[in-house]
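Down below is the structure, laid out as structure tokens.
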There are 2 protein chains.
Amino acid sequence: MYQAPLTDIRFTLKELAGLDDVLALPGYDEATPDLVEAVLQENARFVEQAIAPLNRAGDRQPPVWRDGAVATSPGYAAAYADYAAGGWQGLQHPVSWGGQGLPKLVAAVANETINSACLSFSLCPLLTDGVIEALLTVGSESLRNTYVPNLVSGKWTGTMNLTEPQAGSDLAQVAMRAVPQQDGTYRLSGQKIFITYGEHDMAENIVHLVLARTPDAPAGVKGISLFVVPKFLPGDGGRLGPRNDVWCASIEHKLGIHGSPTAVLLYGAGKGEAGEGAVGYLVGEENRGLEYMFIMMNAARFAVGQQGVAVAERATQQAFAYARDRIQGRAVEGSPGPVAIAHHPDVQRMLLTMRALTEGGRAISYMAAAARDTAAHHPDAGTRDRHRALYELLVPVVKGFCTESAVEVASLGIQVHGGTGYIEETGAAQHYRDARILPIYEGTTAIQANDLLGRKLLRDGGATAARIQQDMQVTLAALDAAAGRAQGDDAQGLLLLRTNLATAMQAQQQALGFMARTAMTDVRAVFAGSVPFLMLTGVLVGGWQMARAAVACQRELADAAGGRWPREFLHNKMTTAVFYGAHILPRAGAWSSAIQAGGVIEACVRRSDIA
Amino acid sequence: MYQAPLTDIRFTLKELAGLDDVLALPGYDEATPDLVEAVLQENARFVEQAIAPLNRAGDRQPPVWRDGAVATSPGYAAAYADYAAGGWQGLQHPVSWGGQGLPKLVAAVANETINSACLSFSLCPLLTDGVIEALLTVGSESLRNTYVPNLVSGKWTGTMNLTEPQAGSDLAQVAMRAVPQQDGTYRLSGQKIFITYGEHDMAENIVHLVLARTPDAPAGVKGISLFVVPKFLPGDGGRLGPRNDVWCASIEHKLGIHGSPTAVLLYGAGKGEAGEGAVGYLVGEENRGLEYMFIMMNAARFAVGQQGVAVAERATQQAFAYARDRIQGRAVEGSPGPVAIAHHPDVQRMLLTMRALTEGGRAISYMAAAARDTAAHHPDAGTRDRHRALYELLVPVVKGFCTESAVEVASLGIQVHGGTGYIEETGAAQHYRDARILPIYEGTTAIQANDLLGRKLLRDGGATAARIQQDMQVTLAALDAAAGRAQGDDAQGLLLLRTNLATAMQAQQQALGFMARTAMTDVRAVFAGSVPFLMLTGVLVGGWQMARAAVACQRELADAAGGRWPREFLHNKMTTAVFYGAHILPRAGAWSSAIQAGGVIEACVRRSDIA
């Protein structure tokens, strides 16, 4: 069963993400360290007890569709009621709208732990967060007043309706129609697919955010508008009005996240109580829908990236428990009898790979969340801008790297279990099935890589990337200094981290150099390395944060007064950091090499049958 | 739907694995090139038409257990009857036992294609092959006469019974009891788990090969004996005798290979028609069971490694078909409208990664099969010994690398499909679920790596590994020469392959050097890199074979007379080879780096909480 890894969370918040600085920002006056600690503990208790048990239940007893209604898995509706009653949906939303106004950094912890506890359940509040964010950013006062309080309280839930059968990653092909009416509303008709929690029985109303096209809209992405389409129209005095003309035609049979209903939604089938065509309310202005969607996209992608950390954490905990319990085989150095498999070097390699990718991902995501808080609250405009750029550059890395890592970690989780891991009853296989959606939804890894390369990296002429490299130089110096102060084994480990971090930094610089040289002459050769570059950057930034963790560990271990962290934790963290340096950071070189071969590959591909 | 990739198979057989040399070996006089071609074509027709349709059927309608009997998935029994009637089970077995006596190299093709067509179905004949091999190698004349003809004809099927709940990878813990009887038979009692096709309705009898312990046997692996335990005792005149006391208690609910029944078998429950205790016949001598098992283990592991190639091939075919069909997004270099996703650089990267790992794995496995034929049939004893050593060194590489690659390829197959790949109906997810067992059964990747490192590599003082490095040097020279003769783009590609192959060779040498230096002082630090070393070796040997393929492509493309292969095929193969060089070979450096950090990691691990 899942336990929130509170010590590593606290260490990452304080030593790496700068929690104290975030709490000192204007606007977070009530978020004291004591309050944050209380939230962490209460959150851990809640997700461990109320949410974690849902994970297997949802996998084994998926939601059932009947006559357009969806009955969710056993326990989901009751847990959602507890979630809403506990005020968890409002954690990061403004106090003025009924939320608690806590920093995104603190909300990030809650998002991670609830997704560890049950990914399928947590998708519902995750999407509601997105709808709240969109309405607060671009919704009219009337829309905000009608919907936001009910969403923040958890009374209603939200969805995002982007995909249509012919329009997946390519939103230019969205065809859903929205026809303006004399009363200022629109009537929507068409089909949306892959709508997470598009229909369910956990809340009284569902608020769909829908991309659609008005009759005279230009073709392509510049003719897409954004609409609010509620399942029930809002009535008087907080009561529900007529049933709107949006219907769940079926739910999908998926590889994983079985507990999360994935709906096909039909708009305008003519069966609503408010006449034919689903009544929709325009968000912002016509034809700017995609632009608005991108505002909330960063937040949603960040949250999905954290789901990668979350599933990885849960798979890692399960693998550690099994490996310590399962007695099998003698020690390679000799032992009187069989030993726990956690003693075998290759099982340790797998466990440490799992831990390294999980903790590296956690560090990147918390660092990004802190940057977002600083971007929103820092008094200095220049500081805000720099942190916004950092956050936006990190979002595709968090989404792409942490979710790809989750697939690798969950796969290793099965391997640690051996044949037992292949039996569904064990539970390891569920993580492997669940994790596989993460590099796909909210934009595939390739979409993230295009965003990183085509938008985030170039937007400021590479200034943000250059600042990260400068900050990493500071860490290299800190590693040197720490290695000088450390005892034997730790000194070796710190030096190895220093060497491999510097090599990975160079690998990134060489990749960037190739891309800069080639972008004007052979753009395909550059984009042949887009995902490799995203993965390289994730490997590198994760390694940088693990290196900073190692420096902090050395400082704390040397503290004669005992330090602020349990010594056993510090030894583990140091081990994980060194392992990351030894096994994960060298991947940067392999990715860089592949990126720099882009031109040669592209030349061969042109004569092949691929496209 | 699956199509046997006959052109790549022929190319790999002839240009890389030396089919002509194998066919010229003594004892293969009847295996003419024309006969082999006829077998390839007939095999392709058979598996495409009769076996491939079983794949989804078995996944959706798994076998059903009731009262100890197992009804297999729809179509399985009929297809098995066709398989037996077609003589496919006997392909590689001696003519004197009713087989066709074809080279293992040819049988390897048939094993690959039938596993591509349906992994779940093919496990049954694969295990029967293992039982035939064991009985022919160490069975008494009586056992051979009774069982082998019925197994070769496909009338009966075979199983391997190793695992018990407390004895998975650690066979020293096998506890099944075998008590000798006055008539020379034994009575077995105990429980075996994870028995593939341990019970089914496809054949009239099932022949279990069972590891068990006699009453006075020494503890550990030196007290394990091997028994034949048939479901029905053999009766007079080819009729079945009494039902033996071995029973299927249940079958497992697994992540994948749903069509393959995985049985829990109870021996000695007292319900048989021949009295209490399952009647078993000793194979060879008492206490040498594990040794015998290892004889057939190489063949079974090789066959499972090929399953990795097989699933990878099928996933690759499906991803190519989807990517060419699915229209989504503009070309990165600009296009008037949306294009097939196969045109996008990152989709091409995924497709080529899939193809490279598949074709690299195919080349390694055929090369190993040819070595086995040479080891068995070459007139010169020294040549036989060298090829046996080569085969045995390659077996853990084929098993470990090709199955780990299959998981990667199947995962990419889902990613190419995007959200559609996550829907079970599409079929991509099945490959991902099916592939995940391959690095586990018949010995996990760690077990393979221990075999490679602890046994195969050191046994001859590294002579076989050194010979491979020498052969790779020859390929480096051939790459240089080919690059000199080639036209612009191909020359660049060949030089890139040359550079990256040489770098990967050096990476292996450095890893070997570290391991040799460290083995005496810190064996745990060496085994911390065991799987990385196996993966490095797979990456390298696959890259070597792809480099040889590139050299052959250059030669054929330059052939003014037109060459022996379709030019489109040659361009594709060259592209795949160059891509392998650019994207796969650099992984060798990352693995090597990790291996060489073994000592530093081990020092940190000692102070951590892992074990």
Normalised Cα Rg of the protein assembly as shown, dividing by 2.2 N^0.38 Å with N its residue count, works out at 0.93
Could you give the Stokes-Einstein D for the stretch A:180-305 in µm² per second, using the C-alpha Kirkwood radius, 4 °C, 1.567 mPa s?
83 µm²/s
Shortest first and in nm to one decimal, what separations exist between residue A:487 and its copies in the other chains, measuring from label points 7 Å along the Cα-to-beta-carbon line?
6.7
Let's test this: bin the Cα-Cα distances of the stretch A:389-440 at 5 Å from zero up to the farthest pair and state each bin's percent.
5, 23, 22, 16, 13, 9, 5, 4, 2, 0
Once every Cα of the stretch A:246-361 carries one equal point scatterer and solvent is ignored, give the base-10 log of I(q)/I(0) from the Debye formula at q = 0.16, 0.17 Å⁻¹, two decimals.
-0.97, -1.03
If you find the alpha carbon centre of the stretch A:38-103 and of the stretch B:247-274, how far apart are they in angstrom?
40 Å
Nearest residue to the symmetry axis between A and B, taken on chain A by its Cβ, in whole Å
A:590, 2
To the nearest 20 debye, the protein assembly as shown has a Cα-centred charge dipole, built from +1 on Lys and Arg Cβ and -1 on Asp and Glu Cβ, of 1140 debye
In chain A, how many lysine pairs have Cα atoms under 20 Å apart, counting only pairs 8 or more places apart or on different chains?
10
When each copy gets a label point 7 Å from Cα toward the beta-carbon at residue A:249, what are the spacings between them in nm, shortest first?
4.9
Once the Cα atoms of the stretch A:461-610 are picked out, what are the Rg and Dmax in Å?
18.5, 67
Cα-based Rg (one decimal) and Dmax (whole number) for the stretch B:303-425, in Å?
19.1, 66
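First check a/c for the stretch B:1-110, with a ≥ b ≥ c the square roots of the eigenvalues of its C-alpha gyration tensor; if it is under 1.5, answer rounded, and if not, answer prolate when a/b is larger than b/c or oblate otherwise.
Values: a/c = 3.05, a/b = 1.80, b/c = 1.69.
Prolate, since a/c reaches 1.5 and a/b exceeds b/c.
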Label residue B:376 and residue B:175 with points 7 Å out from Cα along Cα→Cβ: what is the distance between them in nm?
3.9 nm
List the accessible area buried at the contact between A and B, summed over both sides and calculated with a 1.4 Å probe, in Å² to the nearest 100.
7900 Å²
When the convex hull of the C-alpha atoms of chain A is computed, what volume per residue in Å³ does it have?
171 Å³
Scoring only Lys, Arg, Asp and Glu (+1, +1, -1, -1) among other residues with Cβ under 15 Å from the Cβ of residue A:85 yields -1
Starting from the 7 Å offset along Cα-to-Cβ, what nm value, one decimal, do you get for the label separation of residue A:333 and residue B:558?
5.5 nm
Counting pairs of alpha carbon atoms under 8 Å apart in space and at least six apart in sequence, what relative contact order in percent does the stretch A:461-610 give?
34 percent
Nm distances between copies for residue B:335, ranked from closest, using label points 7 Å along Cα→Cβ
5.5
What is the dipole size for chain A, taken about its Cα centre, with +1 at each Lys and Arg Cβ and -1 at each Asp and Glu Cβ, in debye to the nearest 20?
1040 debye
So with the 1.4 Å probe, I'd like the accessible area per residue for chain A, rounded to whole Å².
33 Å²
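The values are calculated or read from the model by the stated rules, or taken from the named source; none is laboratory data. Keep in mind that what you see is a predicted model, and the values were worked out from it rather than measured. All Cβ positions, glycine included, derive from the backbone under ideal geometry; neighbour counts span all protein chains shown. Accessible surface areas use protein heavy atoms only, side chains included; no ligands, DNA or RNA. Shrake-Rupley method; radii C 1.70, N 1.55, O 1.52, S 1.80 Å.
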